[in-house]
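Trainee: Let me begin by handing over the structure; questions about it come next.
The values are calculated or read from the model by the stated rules, or taken from the named source; none is laboratory data. Note that this is a predicted model, so its numbers are computed, not measured. Because the Cβ atoms are built from the backbone with ideal geometry, glycine has one as well, and the counts that use them run over all protein chains shown. For accessibility, only protein heavy atoms count, side chains too; no ligands or nucleic acids. Shrake-Rupley method; radii C 1.70, N 1.55, O 1.52, S 1.80 Å.
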Amino acid sequence: MKILFYRNKLNRGGIGRVMTNLANMFADNHETIFVTLREYPNEYQVGEKVKRYNINARKKSSTIIADIPLFILTAIKLRKFLKQEKPDVIITFMQLDSLFIYLTKLFLEIPQVISVRSDPYVELAKFPKKVIYKSLYTLVDGCVFQTEVAKNFFSQKIQNKSVIINNLIDRDLFNILPANERKGIIGVGRLVPQKAWHIAIKAYSLIANDISDNFLIYGEGPDYSKLEEYISELGLSGRVILAGITNDIEKKMADAKLFLFSPDFEGLPNALIEALIIGTPCISTVFSGGGAEKLIESGVNGVLVPKGDSDKMAKAVLKVLTDNDYAEKLSQNAKKRASEEFHPCQVFEKWENYISSCVDIYNKKG
């Protein structure tokens, strides 16, 4: 097959990681193209086997519909590219990217598969998004969901042509071993309201005097100043550290005693999956979207606490940090289960089979 991945920008984040991992594995057996509108600093890099293109129609980084002339120019250039390359299928992840590609390829005989991320009950709850995207997913040729909860948001017509597939995680991650001498608590994720970092920080503040471990949060985002101020108000400067971006986040996870995660809603978060695979004991809120319950059986391979409940999170943190046998049980169970459920070969086989079936069905219709 000739497979084309499209994303507006290939910047840092869980979606970028999954898309590059997927493109790299497809490139082993298929002609694979990755298209963005422009190249950004510090973006994920695809492998040498993947053909990488930037349309470069825009001169600024605002959303593509913010400037109608540039939107039209971008669509014209991208449509010309699609007609030239003639891919067998286009794969998109982000909502706006999926809509943009669908409109751009109208009347071109190219099937499209969409991967639905995050929690649609939150992301698509309001008009007009709800109407637009429910209609779009009816029109495309396949949908990949992360959880049953996300799948059930959509009509039976959409569900009938969909599949649930786990995130494709980097193969190298499965070779990382936890450190012999772990120290500290780690959090990983964007500094945005969705991640509700104030819940984890508040939980830490309730037990900070009882432990010696600091709490490092890796990530960037618009909430940096607000969170820094909150940390200062709690008297935790130097104990809770907004550590920014690092290129060795996997090692940071392996070195930590505990991975702490407190979002309000998610799809199937890569950071949590990666911590489980590495074997770092994990505590997470039961965020909406179904991913928390899918990943963690509380008390077995991690700990789940109610969304927004700093008190229960604090008690769970103290338990993990002070009970070595309990922490080791969580670590071993997490690594074993996640390594089985997210083994790259198994996950990719599901992706490859599903994409092939979507292309076959489309060609038979034609």
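Trainee: Filter the range 237-257 down to the residues that are outside any helix (DSSP H, G or I) and buried (at least 24 other Cβ atoms within 10 Å of the Cβ), then identify the one that is farthest from the chain's Cα centre (by Cα).
Mentor: Val240
Trainee: Now, a different point. Within the range 109-142, count every residue that is loosely packed, with under 13 Cβ neighbours inside 10 Å and either more than 23 Å from the chain's Cα centre (by Cα) or among the aromatic types (Phe, Trp, Tyr) (or both).
Mentor: Qualifying residue count, the range 109-142: 6.
Trainee: Which of the residues that make up the range 154-170 are out of contact with any strand residue (DSSP E or B) (no Cβ under 9 Å at 6 or more places or on another chain), open to solvent by 20 Å² or more (accessible area, probe 1.4 Å) and either within 17 Å of Gly289 (Cα to Cα) or part of a loop (DSSP other than H, G, I, E, B) (or both)?
Mentor: Ser155, Asn166, Asp170
Trainee: Moving on. Taking the condition of being within 26 Å of the chain's Cα centre (by Cα) and either open to solvent by less than 10 Å² (accessible area, probe 1.4 Å) or without any contact (Cβ under 8 Å) to a residue 12 or more places away in the chain (or both), how many residues in the range 79-96 meet it? Working first, answer last.
Mentor: Pass one, the range 79-96, residues within 26 Å of the chain's Cα centre (by Cα): 87-96.
Checking the rest, the ones that are also either open to solvent by less than 10 Å² (accessible area, probe 1.4 Å) or without any contact (Cβ under 8 Å) to a residue 12 or more places away in the chain (or both) come to 87, 89-93.
So the count comes out to 6.
Trainee: I would also like to ask the following. Would a scan of the range 248-264 turn up a residue that is free of Cβ contacts under 8 Å to residues at least 24 places away in the same chain, over 14 Å from Gly189 (Cβ atoms) and out of contact with any Cys (no Cβ under 9 Å at 6 or more places or on another chain)?
Mentor: Looking for residues that are free of Cβ contacts under 8 Å to residues at least 24 places away in the same chain, over 14 Å from Gly189 (Cβ atoms) and out of contact with any Cys (no Cβ under 9 Å at 6 or more places or on another chain), one finds at least one in the range 248-264, hence yes.
Trainee: In addition: Report, by residue number, each residue of the range 225-280 that is over 27 Å from Tyr121 (Cβ atoms) and charged (D, E, K, R).
Mentor: Glu228, Glu229, Glu233, Arg239, Asp248, Glu250, Lys251, Lys252, Asp255, Lys257
Trainee: Quick one: is Leu216 open to solvent by 40 Å² or more (accessible area, probe 1.4 Å), in contact (Cβ under 8 Å) with a residue 24 or more places away in the chain, in contact with a strand residue (DSSP E or B) (Cβ under 9 Å, 6 or more places away or on another chain) and outside any helix (DSSP H, G or I)?
Mentor: Taking the combined requirement at face value, the residue satisfies it.
Trainee: Considering only residues of the range 173-186 that are hydrophobic (A, V, I, L, M, F, W, C) and not in a loop (DSSP other than H, G, I, E, B), which is most open to solvent (accessible area, probe 1.4 Å)?
Mentor: The extreme case among them is Phe174.
Trainee: Search the range 187-204 for residues that are closer than 20 Å to Lys312 by Cα and open to solvent by less than 20 Å² (accessible area, probe 1.4 Å) and pair each with any residue that is of a type in the set (Phe, Trp, Tyr) and not in a helix (DSSP H, G or I) when their beta-carbon atoms are under 8 Å apart and the residues are at least 6 apart or on different chains.
Mentor: From residues that are closer than 20 Å to Lys312 by Cα and open to solvent by less than 20 Å² (accessible area, probe 1.4 Å), the pairs are Gly187/Phe215; Gly187/Tyr218; Gly187/Phe259; Gly187/Phe261; Ala200/Phe215; Ala200/Phe261; Ile201/Phe215; Tyr204/Phe215.
Trainee: Right, Val140: under 26 Å from Lys365 (Cβ atoms) and either of a type outside the set (Asp, Glu) or in contact with a Leu (Cβ under 7 Å, 6 or more places away or on another chain) (or both) or not?
Mentor: Answer is yes for this residue.
Trainee: Right, another one. So which of Lys312, Lys329, Lys364, Lys350 is more than 20 Å from Asp170 (Cβ to Cβ), of a type outside the set (A, V, I, L, M) and touching a strand residue (DSSP E or B) at 6+ places or on another chain (Cβ under 9 Å)?
Mentor: Values: Lys329 fails: touching a strand residue (DSSP E or B) at 6+ places or on another chain (Cβ under 9 Å); Lys364 fails: touching a strand residue (DSSP E or B) at 6+ places or on another chain (Cβ under 9 Å); Lys350 fails: more than 20 Å from Asp170 (Cβ to Cβ).
When all the criteria are applied, what remains is Lys312.
Let's see how each residue does on (1) of a type in the set (S, T, N, Q); (2) at pLDDT 95 or above:
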{"position": "Asp213", "(1), (2)": "no, yes"}
{"position": "Ser225", "(1), (2)": "yes, yes"}
{"position": "Glu229", "(1), (2)": "no, yes"}
{"position": "Ile241", "(1), (2)": "no, yes"}
{"position": "Met253", "(1), (2)": "no, yes"}
{"position": "Leu258", "(1), (2)": "no, yes"}
{"position": "Asp264", "(1), (2)": "no, yes"}
{"position": "Gly267", "(1), (2)": "no, no"}
{"position": "Ala275", "(1), (2)": "no, yes"}
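Trainee: So, in the range 258-270, how many residues would count as being within 17 Å of Ser298 (Cα to Cα) and not in a loop (DSSP other than H, G, I, E, B)?
Mentor: Summing the residues that are within 17 Å of Ser298 (Cα to Cα) and not in a loop (DSSP other than H, G, I, E, B) in the range 258-270 gives 4.
Trainee: Out of all the residues in the range 271-329, which are open to solvent by 10 Å² or more (accessible area, probe 1.4 Å), part of a helix (DSSP H, G or I) and β-branched (Val, Ile, Thr)?
Mentor: Thr322
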